[in-house]
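Structure first, commentary second.
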Amino acid sequence: MSTAAADREDWKNTILAGLANYIDAGSIVAGAAALALWVEAYHLSTDLVGMIGAFGPNAIAAGIGALIGGRLCDLFGRKKIYQYDMLFYAFGMLWLVFAVNAWMVVIGFFLVGLAVGADIPASWSLIAEMAPDDKRGKHSGVAQVLWYLGPVVVLLLFLALEPLGMLGARIVFAHLAILAVALTFLRSRMHESQRWVEAQKSGETEKRGRWQDLFTRQHIGSMAFLAGMYLFWNLWAGTNGFFFPYILRTVGDQSQAMSVAIQALSFLLGMASIFFIFMKLSDKVNQRLLFGISAVTQVIGMALLALFPLTLPLAIIHVFLMSVGGGFGAQSFFQLWSSEMFPTALRATAQGVMFAIVRIALGVFSFFVPWLTATGFTTLAWILVGFLAISGVIGFVWAPRNEGKSLEQLEAERAA
């Protein structure tokens, strides 16, 4: 195979694997957008709304799915998991398409969350293992661009289909189910990760791929660093889901169309940040410095809301700083570093454990978000500044220097 053909194959595999992020974020935003329709149609109680949020693809279900899927991925291969869990995802999504009562919504959201969680460590491991050594950050960034694209498409679909009410929501869920089935067929043509195959042949799995092998001092330290950095950033991101609509309502009582437009703009800015900053620089420059700039940018963006009266210009500056800073920050580096800091035989298992810790903690925390929002605008803004600052300090102090190195080189350095 020529170099150009191999390069095209690498990018095709990255996109097919990274589409897991599209349907992950797409299902989260679709659920949030449909929530008001479900509350009205099925008379959902506050407790049931909280349960849907806590046990859906944004939280506990995804954590459980990642924990199980990550381990199976290391034992049986990346391809088996990322191919067939898309059928499971489509099955869960069909519950939402045809839901006629509250419990069908709860079951569907939980099943979707399990599938999304299982796919994340499989796809992230595959992207890192198939990417060229000097383009691992670039390929990882594609998955993050797709994570931002999912919400944009879903938000615009909901805006266009708003006159249809519940039928519009069912169409949006159906598009995600159809995509999952199509992905099943497209991924069937992909090859297994060669690095995973070689680890099996060399006996690495038997030597260093057992569950208990993950709990060595070195691996526990890596997981504590990554989970801590990503968890506090996610506490901001999860709370911001409640917080952002408040901003849009407060600065001039924005219409539904304007609200969707501003949210879509925030995701588009994030995609631009990933493409022009993270994908261009993460394989070349000091990653610690890049992460630090991102963390400072987001802390400043959040602190503006705590320090100054909320006006439309201030809200726009806030959206710009948070979206651009977030594009080359915690989420992008979590995907990249979590793929680099563990051996092939334990890579997906470690990612599954960390993803489970973060998403389950976020699910538990989501029960307290309504109480936090009741503390007042300024108080909540300072709490969120604190979350971002803690994430930034953890990430900056313990950030690795992995740019340009092969996975085998990184593993040899850890072993030494």
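Among the residues of region 278-297, those that are among the aliphatic types (A, V, I, L, M) and buried (at least 21 other Cβ atoms within 10 Å of the Cβ) comprise MET279, LEU290, ALA295. Looking only at region 281-290, decide whether some residue is outside any helix (DSSP H, G or I) and either within 21 Å of the chain's Cα centre (by Cα) or within 24 Å of GLY150 (Cα to Cα) (or both). Taking every residue of region 281-290 in turn, at least one turns out to be outside any helix (DSSP H, G or I) and either within 21 Å of the chain's Cα centre (by Cα) or within 24 Å of GLY150 (Cα to Cα) (or both). Within region 311-328, the set of residues being among the aromatic types (Phe, Trp, Tyr) and surrounded by fewer than 22 Cβ atoms within 10 Å (Cβ to Cβ) comprises just one member, PHE320. Restricting attention to region 162-205, the residues that are farther than 19 Å from SER27 by Cβ and either touching a Lys or Arg at 6+ places or on another chain (Cβ under 8 Å) or among the aromatic types (Phe, Trp, Tyr) (or both) total 6.
The helices (runs of 4 or more DSSP H) found entirely in region 300-416 that carry 1 or more residues being within 18 Å of LEU248 (Cβ to Cβ) are 312-327, 369-373, 377-398. Restricted to region 209-219, and to residues there that are of a type in the set (D, E, K, R) and closer than 16 Å to CYS73 by Cβ, the residue that is modelled with the lowest pLDDT is ARG210.
Looking across region 53-63, the residues that are at pLDDT below 90 and either crowded, with 24+ Cβ neighbours inside 10 Å or outside any helix (DSSP H, G or I) (or both) come down to GLY53, PHE55, GLY56, PRO57, ASN58, ALA59, ILE60. Among the residues making up region 282-313, those that are hydroxyl-bearing (Ser, Thr, Tyr) and either more than 15 Å from TRP337 (Cβ to Cβ) or without any contact (Cβ under 8 Å) to a residue 12 or more places away in the chain (or both) are THR297, THR311. The residues in region 115-138 that are assigned to a helix (DSSP H, G or I) and either surrounded by fewer than 24 Cβ atoms within 10 Å (Cβ to Cβ) or over 17 Å from the mean Cα position of the chain (by Cα) (or both) can be counted, and the count is 7. Criterion first (within 19 Å of the chain's Cα centre (by Cα), under 22 Å from MET130 (Cβ atoms) and crowded, with 18+ Cβ neighbours inside 10 Å) does ALA66 satisfy it? Judged against the criteria, ALA66 is a match.
Can you pull out every residue in region 224-235 that is crowded, with 20+ Cβ neighbours inside 10 Å and more than 15 Å from PHE333 (Cβ to Cβ)? Listed by number, the list holds a single entry, LEU235. The number of residues in region 114-141 that are closer than 19 Å to GLU411 by Cα and of a type in the set (Lys, Arg) comes to 2.
The values are calculated or read from the model by the stated rules, or taken from the named source; none is laboratory data. None of the values given here were measured: they were computed from a predicted structure. Using ideal geometry, Cβ is built from the backbone for each residue, glycine included, and neighbour counts are taken over all protein chains shown.
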